[in-house]
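This report concerns only the one structure given below.
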Amino acid sequence: MLSAQSAEIVKATAGVVAENAVAITSRFYPEMFAAHPELLDVFNRADQALGDQPQALAASVVAYAVHLVDPGAPSFEPVLERIAHKHVSLGITAPQYTIVGHHLMQAIGEVLGDAVTPEVAMAWDEVYWLFALQLVAKEASLYTEKGVDPDHPWREMTVVERRDEVPDEVVTFTLRPVDGEPVPAHRAGQYVTVNAHLTDGSTQPRQYTVSSGPRPDTVQITVRRVRATGDAPAGVVSNHLLDECPVGSTLEVSVPCGDVVLDDDDAPLVLVSAGVGITPMAAILDDLAERRPSRRVILAHADRSAASHALYETTTATAAGLADVTTHLWYEEVADDGRGARPGFMDLSDLDVPAGAHVFMCGPLPFMRDARRTLIRKGVAPENIRYEVFGPDLWAQNPDAAETEAA
């Protein structure tokens, strides 16, 4: 709990910090990397270049501070849970929080200048360490639960199969542990981190959904090539995996993590995805076919075209083994392919959503915001809508904005 004195200071200064939060974190990262270049191998460099990581950190710290001083603020527990899973998948360790805290407080002082009195600095330092200690505790629990040494988070796995889903665009990799031991159990919807050793000698971690249900001896991931577009650089890891990792290659892979997982009840499911966001839906369908084939499922997917629709054959074959599945497709480019896809972008306004349905979403943030607004208008409870996002989660701190817009 925040001390009474610090709480009053945080209440008085939260607005100023929020207004300058992105400027603070944008200064913090370069200074931290200059002092600790080894951390460049832990953080996604593309997210740094695009500004997504600074925005995510800024939003998290400010939202956590508001949570501490405003009794009416939404619970911050789901955000903490999500961040902890991401950190465990990356092998983040407790000592790194000291490095982050030092450089974050230094950046706050540099951006806000004389406004940061010793009392203000002390109050925000207290906020940071409450945040950090909660994460350290959650992450320690997850490491223990998963049997992972945080100092050695990677396990070597061999690429035993590559399957083109979309030629030169999307590839499914089947990975087997080098040590021959069973793979860690995972729940449908979770992801692993691939710690890629690039040709320039650097390493970069990227998270990829496990795109099948649990298997005892292998892990399956499906990777889309990220091409350069406008100001966004090409994805160094996705291109490395597709171009430089044939069958027989060895990759470093984390234990499965993630908090957006298939539950074990019998409520109807609505699976909403776009593009490569189909991957967690493929895992959920595969798991249902094995464990709960009678559960009602509505699958709604949007893509550029039939040719770009990854895992279509896989999910179609899996769905055929379920008792009650309805599929809805939207393609921006529709051909006479026999799939019955509707033209244009996804529109869920006429979807018949069963009462009490649980929704899983994965795709670009604007796509998921629009889908969430529509589903809430159709009576789906906000707490029954869960989502997974690739990269820094710029929505997690305020997902209920969509609920407000839907009112």
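At a glance:
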| item | result |
| --- | --- |
| Checking residue 31 against (1) touching a Ser or Thr at 6+ places or on another chain (Cβ under 8 Å); (2) farther than 25 Å from residue 154 by Cα, the condition it does not meet | (1) |
| Residues that are among the aliphatic types (A, V, I, L, M), under 15 Å from residue 61 (Cβ atoms) and more than 28 Å from the chain's Cα centre (by Cα), drawn from region 10-31 | 10, 16 |
| Region 290-313 residues that are assigned by TED's automatic domain parsing to the domain that holds residue 225, paired with ones that are modelled with pLDDT of 95 or more and in a strand (DSSP E or B) (beta carbon under 7 Å, 6 or more apart) | none |
| Odd one out for residue 84, checked against (1) assigned to a helix (DSSP H, G or I); (2) without any contact (Cβ under 8 Å) to a residue 40 or more places away in the chain | (2) |
| Condition check for residue 336: within 14 Å of residue 268 (Cβ to Cβ), exposed (fewer than 15 other Cβ atoms within 10 Å of the Cβ) and not assigned by TED's automatic domain parsing to the domain that holds residue 191 | no |
| Within region 314-326, considering residues that are free of Cβ contacts under 8 Å to residues at least 24 places away in the same chain and in a helix (DSSP H, G or I), the one surrounded by the fewest Cβ atoms within 10 Å (Cβ to Cβ) | 317 |
| Tally of residues being closer than 20 Å to residue 110 by Cα and outside any helix (DSSP H, G or I) across region 5-46 | 2 |
| Residue ID - nearest to the chain's Cα centre (by Cα), chosen from residues in region 57-89 that are hydroxyl-bearing (Ser, Thr, Tyr) and modelled with pLDDT under 90 | 60 |
| Residues of region 127-168 satisfying the condition of being surrounded by fewer than 17 Cβ atoms within 10 Å (Cβ to Cβ) and among the acidic types (Asp, Glu) | 145, 149, 151, 156, 161, 164, 168 |
| Residue list for region 57-95, restricted to those being within 30 Å of residue 152 (Cβ to Cβ), of a type outside the set (Ser, Thr, Tyr) and touching a helix residue (DSSP H, G or I) at 6+ places or on another chain (Cβ under 8 Å) | 57, 61, 79, 80, 81, 83, 84, 85, 87, 88, 92, 94 |
| Of all residues making up region 213-241, the number that are surrounded by fewer than 20 Cβ atoms within 10 Å (Cβ to Cβ), touching a Lys or Arg at 6+ places or on another chain (Cβ under 8 Å) and aliphatic (A, V, I, L, M) | 2 |
| Per-region count, region 378-390, residues surrounded by 14 or more Cβ atoms within 10 Å (Cβ to Cβ) and either in contact with a strand residue (DSSP E or B) (Cβ under 9 Å, 6 or more places away or on another chain) or assigned to a helix (DSSP H, G or I) (or both) | 9 |
| Residues within region 96-147 that are out of contact with any helix residue (DSSP H, G or I) (no Cβ under 7 Å at 6 or more places or on another chain) and in a loop (DSSP other than H, G, I, E, B), tallied | 2 |
| Residue within region 299-316 that is over 20 Å from residue 363 (Cβ atoms) and polar (S, T, N, Q) present | no |
| Residues of region 376-389 satisfying the condition of being of a type in the set (A, V, I, L, M) and under 21 Å from residue 283 (Cβ atoms) | 385, 389 |
| Test: residue in region 43-56 that is modelled with pLDDT under 90, touching a Gly at 6+ places or on another chain (Cβ under 8 Å) and among the charged types (D, E, K, R) | yes |
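Quick grid of which residues meet (1) assigned by TED's automatic domain parsing to the domain that holds residue 224; (2) touching a Pro at 6+ places or on another chain (Cβ under 8 Å); (3) modelled with pLDDT of 95 or more; (4) not hydrophobic (A, V, I, L, M, F, W, C):
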residue: 101; (1), (2), (3), (4): no, no, no, yes
residue: 109; (1), (2), (3), (4): no, no, no, yes
residue: 115; (1), (2), (3), (4): no, no, no, no
residue: 128; (1), (2), (3), (4): no, no, no, yes
residue: 162; (1), (2), (3), (4): yes, yes, yes, yes
residue: 165; (1), (2), (3), (4): yes, no, yes, yes
residue: 174; (1), (2), (3), (4): yes, no, yes, yes
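The values are calculated or read from the model by the stated rules, or taken from the named source; none is laboratory data. Just so it is clear, the structure is predicted and the values come from calculations on it, not from any experiment. Quick reminder, even Gly has a Cβ in these numbers, built from the backbone with ideal geometry, and neighbours come from all protein chains shown.
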